[in-house]
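A quick write-up on the structure given underneath.
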Amino acid sequence: MSESLMVSAVDIHKSFGTNEVLKGITLEVKRGEVMCLVGPSGSGKSTFLRCINHLERINSGRLMVDNQLIGYRESNGKLHELKPSEAAAQRVGIGMVFQKFNLFPHLTALDNVISGMIRVQKIDRTIAIAEGTELLRRVGLADKLEHYPAHLSGGQQQRVAIARSLAMKPKLMLFDEPTSALDPELVGEVLDAMKQLAQSGMTMIVVTHEMGFAREVADSLVFMDGGVVVESGDPEEVLRSPKHERTRAFLSKVL
Amino acid sequence: MARSTKSTIQAVPLRHPFRWAAAFYFVLIGVAFIVDALHRSAYDWKAFYKYVFDVRVFKAAGVTLSLTAISMFIAIIWGVALAVMRRSPNPVFRQVSWFFIWVFRGTPVYVQLVFWGLLSTIYHSFFIGIPDIHFGHFYLGVHFPISQTASLYWLAIIGLSLNEAAYMAEIVRAGLLSVDEGQEEAATSLGMSWWTTMRFIVIPQAMRIIIPPTGNEIISMLKTTSLVTAVPLITDLYARTRNISDEIYNPIPLLMVACAWYLFFTTVLMFVQYFVEKRFARGHSPLLRVSHE
Ligand SMILES: Nc1ncnc2c1ncn2[C@@H]1O[C@H](COP(=O)(O)OP(=O)(O)OP(=O)(O)O)[C@@H](O)[C@H]1O
Ligand SMILES: [Mg+2]
């Protein structure tokens, strides 16, 4: 396995009961690369992201993040399930941002951001507050530290959620339709925060329908349909001249 | 124009003649009932006044209060544990919790109390450890003898609290279910363990849902303590007042004494509940406040 790879997925299968959702996904994400994942509803994009974060367990295939097998340890050619604490430790290195933000409503913006530092990494509260304040300042929310999520707009909430993930100092960030639940005028501020993050060198996998973002920020574009990767490549290239009929049909609807 | 928008509206308020008539009617009934009751010999108000602050009654009220407080305390803790076990990733915990709730919610509390009273007849000792494994006289565990005189007070508390725990477990479970799945997911993806997620993310959010019915359960428990005669514990408010009325061959005034005390306690509890709920809503009001803005 190459040192330059952050994510390596080989022939990933995942079923819910008899419903096979992922039917052999193979793809690679290099360090510092931004990959956009697009595809019709139900094609398995969210499921794939959740597998990378081990929120779902894969049925077969080989999934590695930063040269570490996800959910398993390999010794003497045999796979051993990870203990819950080991799986949790793996997740710390992988940030995830959800469509519905999933901020903790009983905590202020700042407490949301430092919750992981305090409860998981056991960082001293004063240090965590300093770091959390800085993270919120970076996403443009320096004046909203003490606000509860319900008092923030959707765009602000999503930026808090991004800051909350970044607080764990992840090496990989997963975004599952981060702007789909937002009013159109609020999409820009979240995409700006993500663009800034991409420019800082973060490795990102972004499920999105924002083709403008894909064209401008992404290094590669992957089109998924029916649990398989149909087409992938340079975003500009794929968007301008899609090779497959399914890609073309999908793009004609979202563009 | 400007004047009419600024001045407050002057209008004849709507009249509610029916409300006044109904109020008058019910007040009349109430007064008639009280006047009648004051002169009815069966109530024997003299006996009521004599016993309502009697030292024995006073102590018995204390017993009822302590039974309520201790039983509820145990029931809440055990109920939370059962509810959390019920959604634990560990299937053994899930089954144990389900079975406990099945048994203790599925049988009458009165019958359970009778059983606890007979505990020493059924079992002579209890044992913690691995059963049936021993090396000579050495067992892998500890034996606790159950004396014939095992405190009836504590047996009553065990009976009341285990029964109540089954109900509290359901209340807590509903509270936990009210928390959006995304919360657990977000916490897990931050690397929080299952227990940390429960403790700091899910349970605090469930509290708002759990507290009001719990207040109800406390009031309900206060009254359920009157069943401890089944154990038989006879030092609580109800048993004690029955006991006194047997002595003086006059049950009604002592029933009134018991009711007065129960009513007094539940009234105090209702006030406490009101303020606790209000206070709790204030701490977590951002959601509520926004919806009103
Ligand atoms: N926990 C689950 N249990 C059973 N089926 C599931 C579960 N999660 C997802 N599925 C199914 O897997 C399929 C793929 O779902 P997934 O959410 O991954 O699609 P998606 O590409 O993210 O779609 P969308 O664009 O609508 O978010 C769907 O048919 C869905 O019903
Ligand atoms: Mg999805």
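Coordinate-derived values only; no laboratory data. Everything numeric here is computed off the predicted structure, so don't read it as measured data. Note that we place each Cβ from the backbone using ideal geometry, even for glycine, and neighbour counts take in every protein chain shown.
Taking every DSSP beta bridge that has both residues in the stretch A:139-255, what percent is antiparallel when rounded to the nearest 5?
50
Averaged over peptide A:164-177, how many Cβ atoms belonging to another chain are found within 10 Å of each residue's Cβ?
Average neighbour count from other chains, rounded to a whole number: 1.
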Summed side-chain charge close to A:K45 - residues other than A:K45 whose Cβ falls under 9 Å, Lys, Arg +1, Asp, Glu -1: -2
Any of A:K45/A:K100; B:K46/B:K223; A:K14/A:K253; A:K30/A:K171; A:K23/A:K78; A:K83/A:K122 with alpha carbons more than 18 Å apart? Name them for me. B:K46/B:K223; A:K14/A:K253; A:K23/A:K78; A:K83/A:K122
Order these by the 10 Å Cβ neighbour count, fewest first: B:T197, B:T8. B:T8, B:T197
Take the alpha-carbon positions of chain B, form their convex hull, and give its projected area averaged over all directions (one quarter of the hull surface) in nm². 27.4
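Treat the count of other C-beta atoms within 10 Å as a stand-in for reagent exposure and order B:R199, B:R19, B:R208 from fewest to most. Mind showing how you got there, number by number?
Values: B:R199 14, B:R19 9, B:R208 20.
Lowest count first: B:R19, B:R199, B:R208.
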By what distance, in whole Å, do the Cα atoms of the protein assembly as shown stretch along each of the three principal axes, largest value first? 101, 100, 47
Give me the distance in nm between label points sitting 7 Å out from Cα along the Cα-to-Cβ direction at A:A89 and B:N243, one decimal. 6.1
Can you give the convex hull volume per residue for the Cα atoms of the stretch B:65-144, as a whole number of Å³? 142
Taking each residue of A:90-103 in turn, how many C-beta atoms of other protein chains fall within 10 Å of its C-beta, and what is the average? 3
With r as the distance between the Cβ atoms of B:R94 and A:A150 and R0 = 35 Å, compute the FRET efficiency 1/(1 + (r/R0)^6) and round to 0.05. 0.60
Could you state the number of Å between the C-alpha centres of the stretch B:247-265 and the stretch A:215-255? 81
Looking at chain A from every direction and averaging, what is the projected area of its Cα convex hull in nm²? 14.5
Among B:E277, B:E217, what is the fewest-to-most ranking by other Cβ atoms within 10 Å? B:E277, B:E217
Measure off 7 Å from each Cα along the Cα-to-Cβ vector at A:E20 and A:S4, then give the distance between these two points in nanometres to one decimal. 3.4
Are there trypsin sites (Lys or Arg not before Pro) in the stretch A:1-108 that DSSP puts in a loop and that have at most 15 other Cβ atoms within 10 Å, and which ones? A:R57
